[in-house]
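The values are calculated or read from the model by the stated rules, or taken from the named source; none is laboratory data. The shown structure was predicted, so the numbers you read here are calculated from the model rather than taken from an experiment. Don't worry about glycine lacking a Cβ; one is built from the backbone with ideal geometry, like all the others, and counts go over all protein chains shown. The accessibility values were calculated without ligands, DNA or RNA, using every heavy atom of the protein model including side chains. Shrake-Rupley method; radii C 1.70, N 1.55, O 1.52, S 1.80 Å.
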Amino acid sequence: MILKDKVVIITGAGPGMGQAACRGAAKEGAKVVVTARSKQAIEEVAHEIVAAGGEAIAVPLDVTQMDQCQAAAKAALDQWGRIDGLVNSAYYHPDWGPLIEHDIDQVLQAFDVGAAGALRMAMAVFPTMKAQGAGSIVNISTLCTRKPMPGEGGYGMAKGALNHMTRHLAVEFGGTGVRVNTTLMGWMMGAPLEGFIEGLGEGAEAFRTQRASEIPVGHIPPDADCAKAVYFLLSDYASEVTGAMLDVNGGDWVAA
């Protein structure tokens with residue numbers, strides 16, 4: 001249990017990576033603040049964690065609102081008295097299509113949620129982490145910032161900004177004990193991708209097989225397994241790691 005007794009806030013705990021990270025962090029011993037805009041979704045995840053013997057609270061959160069970010073940090077402090085980790089998993093994906101044809105308001109929304117939202121949360125937790133002399137922020141980014149993919153332009157731009165924020169804050173936080181790192185996630189099998197594949201109709205299984213064959217590990221990595229890299233970066237095992245960009249994509253970037 002590499003996160004035993006650590007208090008971790010996880011944003012974007014909707015179906016997929018965010019929820020997988022909440023469940024997995026709890027299994028690793030973390031006390032989890034489950035956040036997302038959907039009150040029902042986060043309450044279900046928190047209840048599941050508690051029913052399994054873990055500790056969790058659900059806090060509704062829109063990361064585009066600074067007051068809500070501060071409220072999420074306060075909820076963690078009120079419940080457990082400290083904040084050891086922050087996972088910035090919240091994102092917004094513009095409609096699929098060529099970047100040059102994107103709706104610019106959707107692109108700006110992607111930045112507001114995925115990049116500025118992560119910064120707001122960092123601002124909300126940093127004073128506590130600095131006072132503690134320790135803390136870990138993990139930003140969830142994407143393979144498409146290394147390997148541009150059709151339809152991912154606006155989303156990739158926002159995540160590219162998040163990548164830079166990681167490096168910049170890692171330097172700014174030097175000497176405080178607060179670390180900042182990024183995981184670059186590739187194709188992940190979970191609810192969002194399952195929905196996408198099912199929408200392909202008759203070509204679904206052929207697509208699934210082909211995509212899996214193109215990834216060196218031989219399958220599309222499950223989101224719950226990809227989340228294990230996040231726990232490592234949150235944990236004391238990564239005490240000397242900051243400003244890092246960790247590829248968690250089954251070798252897909254190598255294959256590129």
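Taken over the range 21-51, the residue count meeting the criterion of being touching a helix residue (DSSP H, G or I) at 6+ places or on another chain (Cβ under 7 Å) and of a type in the set (A, V, I, L, M) is 9. What pairs come out if I take residues in the range 21-46 that are over 14 Å from VAL59 (Cβ atoms) and pair them with residues that are open to solvent by 50 Å² or more (accessible area, probe 1.4 Å) and part of a loop (DSSP other than H, G, I, E, B) whose C-beta lies under 6 Å away, six or more apart or interchain? Taking only residues 6 or more apart or on different chains, the pairs are GLU28/MET1; GLU28/ILE2; GLY29/MET1; GLY29/LYS4. In this structure, VAL125 does satisfy being of a type in the set (A, V, I, L, M, F, W, C), touching a helix residue (DSSP H, G or I) at 6+ places or on another chain (Cβ under 9 Å) and farther than 20 Å from MET185 by Cα. State which residue pairs qualify: first residue farther than 16 Å from MET17 by Cα and inside the range 212-235, second residue open to solvent by 80 Å² or more (accessible area, probe 1.4 Å) and assigned to a helix (DSSP H, G or I) in any location, beta carbons under 8 Å apart, and separation of 6 or more residues or different chains. Listed by first residue and then by second, the contacts come to PRO216/VAL254.
Conditions tested, residue by residue: (1) modelled with pLDDT of 95 or more; (2) in contact with an Asp or Glu (Cβ under 9 Å, 6 or more places away or on another chain).
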| residue | (1), (2) |
| --- | --- |
| GLY186 | no, yes |
| MET189 | no, yes |
| GLY199 | no, no |
| PRO222 | no, no |
| LEU233 | yes, no |
| TRP253 | no, yes |
| ALA256 | no, no |
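Screening the range 165-244 for helices (runs of 4 or more DSSP H) wholly inside it with 1 or more residues that are under 27 Å from PHE111 (Cβ atoms) and open to solvent by 20 Å² or more (accessible area, probe 1.4 Å) returns the ranges 191-198, 223-234.
Given the structure, is ALA76 among the hydrophobic types (A, V, I, L, M, F, W, C) and either in contact with a helix residue (DSSP H, G or I) (Cβ under 6 Å, 6 or more places away or on another chain) or at pLDDT 95 or above (or both)? I'd like the intermediate steps shown before the answer.
Numbers: among the hydrophobic types (A, V, I, L, M, F, W, C): yes; either in contact with a helix residue (DSSP H, G or I) (Cβ under 6 Å, 6 or more places away or on another chain) or at pLDDT 95 or above (or both): yes.
Yes.
Tallying residues that are under 18 Å from ARG211 (Cβ atoms), outside any helix (DSSP H, G or I) and not basic (Lys, Arg) within the range 128-164 yields 6.
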